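K.L.:
Pasting a structure below so you can have a look.
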Amino acid sequence: MPADPRDHIRKTASDLGFDVCRFASAAEPWSAGERLAYFVEAGRHGDMGWMETTLERRAHPTAMWSEARTAIVLGLNYGPEHDPLPEMADRSAGYVSVYARGDDYHELIKGRLKQLAGQVAARTGAEVKVFVDTAPLMEKPLAQRAGLGWQGKHTNLLSRTHGNWLFLGVILSAADYEPDPAEIEHCGSCTACLDACPTKAFPQPFQLDARRCLSYLTIEYPGPWPVEFRALTGSRIYGCDDCLAVCPWNKFAAASKETRLQAREASVSPRLADLAALDDAAFRALFSKSPIKRIGRDRFVRNVLYAVGNSGDEALVATAVRLLDDASPLVRGAAVWAASRLMQAKGFAALRTARLASETDQDVKNEWRQGLLPVA
């Protein structure tokens, strides 16, 4: 019996540190493109305009690369050592999503994918292309087709062996490999992920409105948040794990063994006062090689200030007031909201009168004028 050519690829993938390696057809039709089109047409992608401009290319793997025949789908476990959600009880500390606590997974996975892809191409002579989630390829439907897991009611990939904690990478090959069996949905009647969402970002099971998602707001959204979501973010300053962490399938998950994904000290319950004090250079140094770095200092400190406003910690009033003079209008506007939440009514009213007269940015003026009720 001839050797299965997939076995060598699976072994090499394991040697490179991947936890899962499975195969799917990249050429067969699917319905994922139609679901994505509905998502965009409904405006649920928010300010992520790149999803609209690349919609046709995202619709199917062959729409991006017509020669694609097989998708080799890789999974890397990033499971935490414990349930992270109790960390949010400390409102004077920030909460960073588990996936962003170590090194940037894009760089980690891409390097290993390139090594594996080179060996695949050398053995078959067929062209290959490598993708992490920065490229217009729908990895989650491919992962379900390959049998790594299924897209749960929270729309994220869910595995019976790794729970919610898998990073994905894909190698598209022009060669034909026998596909692995696809996975089916195993959510049943459970709605834990939907019920846990603090902003009710799921209009229906298996559907997400990114405009209401705290991961989108903390990472992708560039401006001042809609006021309705600010108090709901609690201490979350980068991403949100609620819908992932509450899933019962996590009982089968294990902590990641990948050293580069281990949580840094700066990303586990960092003090809000320390984060709010970061200038651009200090921000870049603290989050070097971290995915957090890509949103920039101003957007990050905006998030921190919303958490400051939710802290209930009067010791952080000075932090908010100091940032009313920040060079960034985005930061100044968030500082207005934080101060309004922490200061006594009389003190905030006096501050508002003085600052409205000197503020030059219209968005920040609007923050002062919104009539936010200070804590009495």
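K.L.:
Please identify every one of the chymotrypsin sites (Phe, Trp or Tyr not before Pro) in region 154-245 that sits in a loop by DSSP and has no more than 16 other beta carbons within 10 Å of its own beta carbon.
P.N.:
Values: sites: 165, 167, 177, 206, 216, 229, 238; in loops: 165, 177, 206.
Answer in residue order: 206.
K.L.:
Net charge around residue 135, counting only other residues with Cβ within less than 12 Å of its Cβ (Lys, Arg = +1; Asp, Glu = -1)? Numbers along the way, then the final one.
P.N.:
Working: positive: 57, 58, 110, 129; negative: 133, 139.
Computed value for this residue: +2.
K.L.:
Averaging sequence separations of C-alpha pairs under 8 Å and six or more residues apart, then dividing by the length of region 22-153, give the relative contact order as a whole percent. List each step's numbers first, then the result.
P.N.:
Values: 109 pairs, mean separation 43.3, N = 132.
Averaging sequence separation for qualifying contacts and normalising by length gives 33 percent for region 22-153.
K.L.:
Starting from the Cα-Cα distance between residue 207 and residue 366, subtract it from 0.36 nm times their residue separation and give me the gain in nm to one decimal.
P.N.:
On the way: separation 159, 0.36 × 159 = 57.24 nm, distance 3.33 nm.
So the chain would gain 53.9 nm between residue 207 and residue 366.
K.L.:
Tell me the relative contact order for region 271-376 as a rounded percent, counting alpha carbon contacts under 8 Å between residues six or more apart. Don't skip to the end; give the middle numbers.
P.N.:
Numbers: 122 pairs, mean separation 25.3, N = 106.
Relative CO of region 271-376 lands at 24 percent.
K.L.:
Ok, one more. I need the shape label for region 261-329. Rule: rounded when a/c is under 1.5, else prolate if a/b > b/c, else oblate, with a, b, c from the alpha carbon gyration tensor.
P.N.:
Cα axes put region 261-329 in the oblate bin.
K.L.:
While we're on this one: Label-point separation (nm) for residue 350 and residue 251, each offset 7 Å from Cα along Cα-to-Cβ?
P.N.:
5.8 nm
K.L.:
Taking K and R as +1 and D and E as -1, what net charge do the other residues with C-beta under 15 Å from the C-beta of residue 7 add up to?
P.N.:
Working: positive: 6, 10, 11, 22, 123; negative: 4, 15, 178, 180.
It works out to a net charge of +1.
K.L.:
Once you measure Cβ to Cβ distances between cysteines in the chain, which Cys have no partner under 4.7 Å?
P.N.:
Those would be 21, 187, 190, 197, 213, 240, 247, since no other cysteine Cβ in the chain comes under 4.7 Å of theirs.
K.L.:
Shifting gears a bit: Determine the dipole magnitude for region 22-149: charges of +1 sit on the beta-carbon of Lys and Arg, -1 on that of Asp and Glu, nothing else is charged, the reference point is the Cα centre, and the result goes in debye to the nearest 20. Walk me through the numbers on the way to the answer.
P.N.:
Details: 15 positive and 17 negative charges, 103 e Å.
Here region 22-149 has a charge dipole of around 500 debye.
K.L.:
Report the Cα centroid-to-centroid distance between region 146-165 and region 302-352 in angstrom, as an integer.
P.N.:
40 Å
K.L.:
In a Debye calculation with equal point scatterers on the alpha-carbon sites of the chain and no solvent, what is log10 I(q)/I(0) at q = 0.07, 0.12, 0.15 Å⁻¹?
P.N.:
Debye intensities relative to I(0), on a log10 scale: -0.35, -0.94, -1.32.
K.L.:
When a/c reaches 1.5 or more, the comparison of a/b and b/c decides; with that in mind, is region 216-283 rounded, prolate or oblate per its Cα gyration tensor?
P.N.:
Oblate, since a/c reaches 1.5 and b/c is not below a/b.
K.L.:
Could you calculate the FRET efficiency of residue 325 with residue 63 from 1/(1 + (r/R0)^6), where r is the beta carbon distance between them and R0 is 51 Å, rounded to 0.05? Please list the in-between numbers first.
P.N.:
Working: r = 50 Å, r/R0 = 0.97.
Plugging the Cβ-Cβ distance into 1/(1 + (r/R0)^6) gives 0.55.
K.L.:
For region 271-376, report the translational diffusion coefficient in µm²/s to the nearest whole number, using Stokes-Einstein at 4 °C, 1.567 mPa s, and a Kirkwood Rh over Cα pairs.
P.N.:
Details: Rh = 13.9 Å.
The Stokes-Einstein estimate is 93 µm²/s.
K.L.:
Something else now. Report, in debye and to the nearest 20, how large the dipole of the chain comes out about its Cα centre when Lys and Arg carry +1 and Asp and Glu carry -1 on their Cβ. It would help to have the intermediate numbers written out before the result.
P.N.:
On the way: 45 positive and 46 negative charges, 93 e Å.
Around 440 debye, computed over the chain.
K.L.:
Nearest 0.05, what FRET efficiency do residue 7 and residue 35 give at R0 = 45 Å with Cβ-Cβ as r?
P.N.:
Values: r = 34 Å, r/R0 = 0.75.
The value I calculate is 0.85.
K.L.:
Within the chain, count lysine pairs with alpha carbon atoms under 16 angstrom apart where the residues are 8 or more positions apart or belong to different chains. Each step should come with its number before you reach the end.
P.N.:
Working: 11/114; 110/129; 110/289; 114/129; 140/153; 153/200.
Lysine pairs meeting both conditions in the chain amount to 6.
K.L.:
Classify region 92-199: rounded, prolate or oblate, from the alpha-carbon gyration tensor (a ≥ b ≥ c, eigenvalue square roots; a/c under 1.5 rounded; otherwise prolate if a/b is larger than b/c)?
P.N.:
Numbers: a/c = 3.03, a/b = 1.48, b/c = 2.05.
Oblate, since a/c reaches 1.5 and b/c is not below a/b.
K.L.:
Ok, one more. How much FRET efficiency would the formula 1/(1 + (r/R0)^6) give for residue 50 and residue 318, where r is the Cβ-Cβ distance and R0 is 45 Å, rounded to 0.05?
P.N.:
Working: r = 39 Å, r/R0 = 0.87.
Calculated value: 0.70.
K.L.:
May I pose another question? With Cβ to Cβ distances under 12 Å as the rule, what net charge do the other residues near residue 39 carry (K, R +1; D, E -1)? Each step should come with its number before you reach the end.
P.N.:
Working: positive: 35, 44, 58, 211; negative: 34, 41, 52, 209.
Residues close to residue 39 contribute a combined charge of 0.
K.L.:
Next up: Out of every Cα-Cα pair in region 1-124, what percent are more than 23 Å apart? Don't jump to the answer; show the numbers that get you there.
P.N.:
Values: 4281 of 7626 pairs.
Everything past 23 Å amounts to 56 percent.
Read-outs: derived from the displayed coordinates by stated rules, not from any lab. None of the values given here were measured: they were computed from a predicted structure. Because the Cβ atoms are built from the backbone with ideal geometry, glycine has one as well, and the counts that use them run over all protein chains shown.
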